[in-house]
Amino acid sequence: MRYNDSGGHGEPLILIHAAVFADWFVPFEREAAVAGLRRVRVTRTGYDDRVPVTPMSVADHAAECADLLRHLTIDRARILVHSSGTVVAMQLALDHSDLVGELVLVEPPLIDPLLPPADRATVAAALGPVIGPVIGAAAHGDLRTAFDTFLAAVCGPAHRSVIESALGRTGLERAERDCGYCFSGEMPALAAWQFDEESACRIEQPVHLVVGGDSPPFAHRWSTTSPRCCPTRAPRSSPGTTICCLSPAPRCSPS
């Protein structure tokens, strides 16, 4: 694991990125709206040029984040996450609850434990045919095909221009280069992750949901279909965005 720590004495804000690549939060952490916070942007193991021999579980990633917070002497923090970073944050809240003040979830991933039951078949029909081919492409070293096929399915056909406009050409090339672990390690970990109503009832911290205004309807239904004991606040919509969110702070701010 690597991390960038802005330092300072502000309230700590931990940024845990989505799958595919690590730089989703790079534009956000530079915004004036969060300049007064101590921003710790995590690059999870597998995305940091150190691919583990044995793929890590969600609990392993959460434990690494907990170890980092303790190393940085951060007693309690707000955790801001994007897409699959959600599962790491929720596992962190379950396994290391003393470290988590609140959770801000931007576009939780479209996986069965977090989807409304009525939407699971629709999501499977849309994404299921994509998963096998992208894993196969990545396994054969064709990262460009894996990258484009997967992100086109979840983000839409403009994913390259969105990423390049936010991160520059070099950032786009780095994102493509670093995507392999998503398909070899992260997808199996997400498939194995267990989360049910009993798990949700153990999360006592406030949970804030941010969804893109242009995201599919089931993304907006998550907070109303999540277990009643999970303290999810009313969702906030970010106009004009989808899961491909590398937007500035006014659209994705946790405050």
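Read the figures in this text as sums done on the coordinates, not as results from a lab. Note that the coordinates shown come from a computational prediction; the quantities given were computed from them, not determined experimentally. Note: ideal-geometry Cβ built from the backbone for every residue, glycine included; neighbour counts use all protein chains shown.
What to note about this one:
- Hypothetical label at VAL51: residues of the range 165-181 whose amide nitrogen lies under 14 Å (7 Å Cα-Cβ projection): 176-181
- Remark: the ASN4-ALA118 segment gains 37.1 nm on full extension, using 0.36 nm per residue and subtracting the alpha carbon distance.
- Cα-based shape type of the range 1-133, given that a ≥ b ≥ c are square roots of the gyration tensor eigenvalues and the cut on a/c is 1.5: prolate
- The range 120-178 shape via C-alpha gyration tensor axes, a/c threshold 1.5: oblate
- Here the label points at LEU72 and GLU164, each 7 Å from Cα along the C-beta direction, are separated by 3.2 nm in the simple model.
- Per-peptide average of other Cβ atoms within 10 Å, ordering 14-22, 49-57 highest first: 14-22, 49-57
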